[in-house]
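To start, the structure itself, in structure tokens.
The values are calculated or read from the model by the stated rules, or taken from the named source; none is laboratory data. Since this is a predicted model, take the numbers as computed values, not measurements. So basically every Cβ, Gly included, is an ideal-geometry build from the backbone, and we count neighbours across all protein chains shown.
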Amino acid sequence: MANLSHFMIPAENVDRARRFYSALLGWKIEPVVPTPDPGGIAAMQYHDITTGPTEPGALSTGGLYKRHQNEPILDFVQVEDIEGAVSKVEVLGGKIMQPVTAIPGVGLTAMILDTEGNLIGLWTPVAP
């Protein structure tokens, strides 16, 4: 069974959102080390979020980034076979918003809309 593995929070003002979530929920929010890719994580002002210790049944990681459009909070579901999962999306009535894309050192991701118009990320981590 596929589990939620990561969430992402878009923000108009990343520093303001970081202060808010840190103060409200005690989350550790740290900027990601920039990569040489000019359109990558550095351009997103991406920050890793740690919500607490890893516990069975608890999602403990996320990200905060500069909002680019009117995107909602995005949940990622970890799947074993991302290509296989994406191949089922349109057959089941969903829509592929971003095809399978490699994120170096992280894994493969894709974005889909479910049958109700909800945006969901799919993710397969890079093999250790």
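Residues that are at pLDDT below 90, within 15 Å of F7 (Cα to Cα) and surrounded by 11 or more Cβ atoms within 10 Å (Cβ to Cβ): does the stretch 84-103 have at least one? The answer is no, given that none of the residues of the stretch 84-103 is at pLDDT below 90, within 15 Å of F7 (Cα to Cα) and surrounded by 11 or more Cβ atoms within 10 Å (Cβ to Cβ).
Taken as a whole, the structure leaves G62 outside the set of residues that are in a loop (DSSP other than H, G, I, E, B), modelled with pLDDT of 80 or more and not charged (D, E, K, R). In summary, R67 fulfils each of the numbered conditions (1) more than 23 Å from H47 (Cα to Cα); (2) out of contact with any helix residue (DSSP H, G or I) (no Cβ under 8 Å at 6 or more places or on another chain) with the single exception of condition (1).
When residues in the stretch 4-59 are screened for being within 15 Å of the chain's Cα centre (by Cα), in a loop (DSSP other than H, G, I, E, B) and modelled with pLDDT under 75, 2 of them pass. Taking residues in the stretch 70-84 that are more than 14 Å from M8 (Cβ to Cβ), and partners anywhere that are in a helix (DSSP H, G or I), the pairs with Cβ atoms closer than 8 Å and at least 6 places apart or on different chains are V79/A85.
Check T101, T115 and return the single one that is assigned to a loop (DSSP other than H, G, I, E, B), more than 23 Å from I29 (Cα to Cα) and either among the hydroxyl-bearing types (S, T, Y) or within 13 Å of the chain's Cα centre (by Cα) (or both).
Answer to the selection: T115.
Within the stretch 69-83, the set of residues being within 16 Å of S5 (Cα to Cα), of a type outside the set (A, V, I, L, M) and touching a Pro at 6+ places or on another chain (Cβ under 9 Å) comprises Q78 only. Here is the figure for the stretch 63-78: residues that are within 11 Å of the chain's Cα centre (by Cα) and surrounded by 15 or more Cβ atoms within 10 Å (Cβ to Cβ) total 8.
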